[in-house]
Amino acid sequence: NSWSSVRMGCRVMRRMYSTVTSRSLVNDGNCASLRNDSVCALTGRRYTYAESRGIARRFAASLCRAGFKHGNVLAVVLPNVPEFPLVLFGALEAGMVVTTVNPVFTPEEIGKQLRDSGAVGVVTISDIYSKVSKAVAVLEAERKSKIPIILTPGLEDKAIPRGTINFQDMTHKGIDTSNLGAHNMLSPDSLVVLPYSSGTTGLPKGVKLSHRHLITNCLQVLSEPKICRAERATDDFREIVPALLPFYHIYGLLSLAIASLYCGAKVVTVPTFEPAQFISTVVKYKATALYLVPPVIQFMSSHPDVKTSDFETVRLVNSGAAPIGYNDVERLLEKAPHVEFTQGYGLTESSPAATILEKGSTNYKSCGKPIPNTEMKIVNMDTNMNLGPGEAGEVCIRGPQVMAGYHNNPQATAETIDPSGWLHTGDMGYYDEENDFYIVDRYKELIKVKGLQVAPAELEDILRSHPGVADAAVIGVPDQRSGEVPKAFIVSKGPKLTEDDVKKFMAGKVSRHKHLTGGAEFVTTIPRNPSGKILRKKLKEMYCK
Ligand code: AYL
């Protein structure tokens with residue numbers, strides 16, 4: 001009876017269930033996590049582990065009763081609220097597949113993901129209902145069928161709009177869950193989430209991840225003794241984890257909504273990043289483990305308002321999703337010398353973790369060694385030959401956490417996972433004599449803004465739809481605050497177009513992290529290879545000195 005033990009109806013999940021249950025039995029029903037809860041840092045709304053189990057099950061029963069079927073896709077468009085994991089586990093127990101959507105997306109961006117994933121229902125909150133309903137209305141007109149919208153409690157006290165379904169009505173104690181047995185058709189290979197990633201090229205694609213993928217990666221990551229101490233939870237120690245990284249992104253989903261709950265941690269949901277508020281949340285809740293992205297670590301290590309005393313209860317800081325500077329790690333450890341720093345590397349396509357910097361290692365330039373059951377190699381990009389220690393090439397990953405493929409896109413799948421099962425990451429890296437891996441650059445197009453993906457192809461398509469643009473290319477340029485930001489190169493059709501016009505045009509179409517913060521530069525030609533592929537390295541050499 002705990003959040004981590006929410007039975008997803010598949011054998012692998014039952015293993016988790018029995019693990020946690022037996023721990024509760026050992027503790028004579030007094031397992032710390034049962035009394036423990038998860039809480040929203042903004043509204044104070046909280047759910048104990050014991051309650052969560054019931055809510056998720058009742059949500060599952062109500063979804064089945066509402067007619068959702070095994071394998072149907074449910075889009076979850078939520079900021080980090082404590083209901084997120086309840087919605088996730090409930091949907092999975094009902095046999096549904098959850099596609100996680102960035103809640104800051106514009107209606108057009110939401111619409112694209114709903115359309116591509118084939119979502120037949122949407123879960124959101126009243127705060128962003130108006131833009132979600134715009135996207136839904138367009139899709140309903142296209143499909144000529146209704147797409148139900150379910151609303152979980154909002155961040156602000158807003159009335160529930162008419163025509164929507166109230167999450168609380170679907171989960172109150174009177175809901176009968178006896179219908180759930182009939183829906184128990186899940187296997188470890190049933191798909192559970194469909195997050196979006198652009199992979200090595202092109203537009204964002206749904207990444208097919210199953211129960212087996214997520215459970216495997218959860219346990220692989222937890223095999224590192226640094227990561228979660230809650231397996232040894234006692235009344236004197238309890239892991240307290242502020243959930244700042246978005247649950248919709250695989251890093252937040254796996255480390256905060258799955259691994260932390262599996263461990264019985266207290267998860268404090270933080271819906272938006274306000275630096276001062278985040279620090280006061282860390283202090284107020286006595287946070288013990290921080291899962292962060294490099295720009296946030298950089299802020300915490302360098303900002304004079306963040307004091308050593310703010311880290312008093314913190315024992316672990318984990319970085320992932322983008323490269324972190326050695327100096328930033330050093331500065332963090334100067335400010336908080338008692339903290340253990342660790343780093344993970346991986347991709348949405350690998351559920352996400354592939355490596356971790358192991359306990360005791362101070363090799364902060366490295367993202368660590370492959371986690372259990374994971375093979376990694378470096379190959380020459382042109383010849384595909386294996387490379388030895390110290391030789392940089394493409395990082396390849398093989399293991400039980402590698403995705404089933406891209407949704408409805410066998411071609412992109414075949415281009416990413418080779419016939420021997422190796423995932424070609426599009427990252428440039430090498431390993432040393434100790435088998436520590438280092439990520440040095442990216443061959444792929446992907447831009448990482450604050451650890452979040454931005455696909456150049458998506459922005460290029462939008463730019464080319466402007467009547468004044470003849471051709472366009474987008475690359476990432478280094479940025480002090482965000483790591484990287486998108487910059488556009490434009491071949492214009494007439495002389496009238498200005499940089500400001502281009503930036504405003506983009507700002508009207510995409511969410512903030514995709515804005516052309518790196519600028520828009522006018523050029524006479526975009527360098528391309530004979531088959532029309534943009535030569536991004538050449539573009540950088542020509543214009544970014
Ligand atoms: P996606 N260092 C450098 N680059 C990295 C790192 C790292 N430690 N981790 C991820 N990346 C880049 O799908 C790399 O280019 O997943 C990779 O191909 O949004 C891309 O980000 C994947 O981006 C963890 C915690 C993995 C986080 C993650 C990354 C999830 C990001 C393991 O323990």
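The values are calculated or read from the model by the stated rules, or taken from the named source; none is laboratory data. What you see is a predicted model; the values in this text were computed from it and never measured. All Cβ positions, even for glycine, are placed from backbone atoms using ideal geometry, and neighbour counts span all protein chains on display.
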Next item on the list: Sort out which residues of region 306-326 are among the basic types (Lys, Arg) and buried (at least 18 other Cβ atoms within 10 Å of the Cβ), and write them in order of number.
Entry: none
Notebook entry, point to check: Within region 462-483, how many residues are in contact (Cβ under 8 Å) with a residue 40 or more places away in the chain and touching a Phe, Trp or Tyr at 6+ places or on another chain (Cβ under 6 Å)?
Noted result: 1
Check: Looking at region 407-428, which of the residues that are part of a helix (DSSP H, G or I), without any contact (Cβ under 8 Å) to a residue 60 or more places away in the chain and surrounded by 12 or more Cβ atoms within 10 Å (Cβ to Cβ) is farthest from the ligand (Cβ to nearest atom)?
Finding: ALA414
Next item on the list: Name the residue, out of ARG53, ARG46, that is basic (Lys, Arg) and touching a strand residue (DSSP E or B) at 6+ places or on another chain (Cβ under 7 Å).
Entry: ARG46
Next item on the list: Please give the strands (runs of 3 or more DSSP E) falling wholly within region 317-406 in which 2 or more residues are within 12 Å of the ligand (Cβ to nearest atom).
Entry: 340-346, 353-356, 393-398
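Checking the structure you have, find out if any residue of region 410-429 is within 19 Å of VAL293 (Cα to Cα) and either at pLDDT 95 or above or among the hydrophobic types (A, V, I, L, M, F, W, C) (or both).
Yes: one or more hits.
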Notebook entry, point to check: Is there a residue in region 468-488 that is within 15 Å of the ligand (Cβ to nearest atom) and among the aliphatic types (A, V, I, L, M)?
Noted result: yes
Next item on the list: Kindly list, by first and then second residue, each pair from a residue in region 315-326 that is under 15 Å from SER301 (Cα atoms) to a residue that is within 12 Å of the ligand (Cβ to nearest atom) and polar (S, T, N, Q), limited to pairs with Cβ atoms under 6 Å and residues at least 6 apart or on different chains.
Entry: ASN318/THR342; SER319/GLN343
Item checked: Residues (within 19 Å of GLY451 (Cβ to Cβ) and in contact with a strand residue (DSSP E or B) (Cβ under 6 Å, 6 or more places away or on another chain)) located in region 246-266 -> TYR248, SER255, LEU256, SER260
Next item on the list: Determine whether GLY252 is assigned to a helix (DSSP H, G or I), within 12 Å of the ligand (Cβ to nearest atom) and at pLDDT 95 or above.
Entry: yes
Item checked: Leading residue by the ranking (surrounded by the fewest Cβ atoms within 10 Å (Cβ to Cβ)) among those in region 91-111 that are in contact (Cβ under 8 Å) with a residue 40 or more places away in the chain and in a helix (DSSP H, G or I) -> GLU108
Notebook entry, point to check: Failed condition for TYR431, given (1) crowded, with 22+ Cβ neighbours inside 10 Å; (2) more than 19 Å from ARG536 (Cβ to Cβ); (3) away from the ligand (no atom under 16 Å from the Cβ), with all others met?
Noted result: (3)
